[in-house]
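The values are calculated or read from the model by the stated rules, or taken from the named source; none is laboratory data. Please read all numbers here as calculations on a predicted model, not as lab measurements. Please note: Cβ atoms are built from the backbone with ideal geometry, for glycine as well, and neighbour counts cover all protein chains shown. In case anyone asks, the SASA skips ligands and DNA or RNA and just uses the protein heavy atoms, side chains included. Shrake-Rupley method; radii C 1.70, N 1.55, O 1.52, S 1.80 Å.
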Amino acid sequence: MKKILIVNGSKRLKGNSYALEARIVEQLKGKAEVTCLDIAKKDVRPCLACDACKQQHTPNCIQKDDFTALIPEIDNCDAMLILAPVHWDQLPAQLKAFLDRTYSFMDFTQPDFSMATRKDKKIAAFMCSGFGPVPVYTQMAEANLKLFATAGFTACKAHVAGDANVPGSIMEKPEELKAADELVEWLLV
């Protein structure tokens with residue numbers, strides 16, 4: 001059974017990301033082992049750029065915060081799904097800190113710069129935006145997902161739902177729910 005890590009980057013507990021998370025967790029029952037991370041509630045500090053993680057050849061970080069404890073979860077999963085709103089044309093700050101900390105997987109002695117245990121994992125993102133250029137936000141999401149390659153995520157897909165700022169409104173958008181379903185199915189293959 002595949003291990004899927006769902007990373008929720010929203011601060012709105014009754015928002016669209018949490019509504020989707022509940023739906024997806026229900027869909028994955030019996031199909032995957034699911035771990036949900038509420039990054040907005042975690043203590044994920046910015047990367048110190050100290051390079052202490054480069055003294056080893058296994059993913060590690062000297063900071064003693066919640067991200068350090070998540071390194072094995074990230075390394076051992078088969079796939080990761082990020083659910084988040086678009087904030088000022090970008091990832092929410094706590095999710096960006098989470099992404100930056102995957103620097104701890106980087107190994108400059110490797111041809112692919114990665115010390116991840118596996119380098120064949122999939123990552124997907126479903127992001128909700130209230131307004132703005134959905135194609136631009138989709139490019140932003142895809143560009144950020146590609147940065148997770150250092151942690152072994154070499155295949156990525158992103159979807160951004162527009163006009164989805166009102167909490168829970170995503171559940172009334174069949175075309176967006178279908179897009180979420182397709183991302184989940186892709187992660188399972």
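Numerical summary
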| item | result |
| --- | --- |
| Residues satisfying the stated conditions in the range 165-189, i.e. open to solvent by 70 Å² or more (accessible area, probe 1.4 Å) and touching a helix residue (DSSP H, G or I) at 6+ places or on another chain (Cβ under 7 Å) | 167, 171 |
| Close pairs (6 angstrom Cβ cut-off, 6 or more residues apart or separate chains): farther than 21 Å from residue 94 by Cα in the range 40-57, part of a loop (DSSP other than H, G, I, E, B) anywhere | 52/62; 57/115 |
| Residue 147, sole failed condition from (1) open to solvent by 10 Å² or more (accessible area, probe 1.4 Å); (2) out of contact with any helix residue (DSSP H, G or I) (no Cβ under 8 Å at 6 or more places or on another chain) | (2) |
| Checklist (1) closer than 24 Å to residue 143 by Cα; (2) in contact with a helix residue (DSSP H, G or I) (Cβ under 6 Å, 6 or more places away or on another chain) applied to residue 19, failing item | (1) |
| Positions within the range 1-55 being surrounded by fewer than 18 Cβ atoms within 10 Å (Cβ to Cβ) and in a helix (DSSP H, G or I), in sequence order | 22, 23, 25, 26, 27, 41, 52, 54, 55 |
| Residues of the range 150-164 satisfying the condition of being open to solvent by 40 Å² or more (accessible area, probe 1.4 Å) and within 17 Å of residue 187 (Cβ to Cβ) | 154, 156, 157, 159 |
| Top-ranked residue in the range 66-116 [being among the β-branched types (Val, Ile, Thr) and out of contact with any Pro (no Cβ under 8 Å at 6 or more places or on another chain); ranked as surrounded by the fewest Cβ atoms within 10 Å (Cβ to Cβ)] | 109 |
| Every pair of residues 6+ apart whose Cβ atoms lie under 9 Å, when the first sits in the range 102-116 and is β-branched (Val, Ile, Thr) while the second is open to solvent by 80 Å² or more (accessible area, probe 1.4 Å) and assigned to a helix (DSSP H, G or I) | 102/147 |
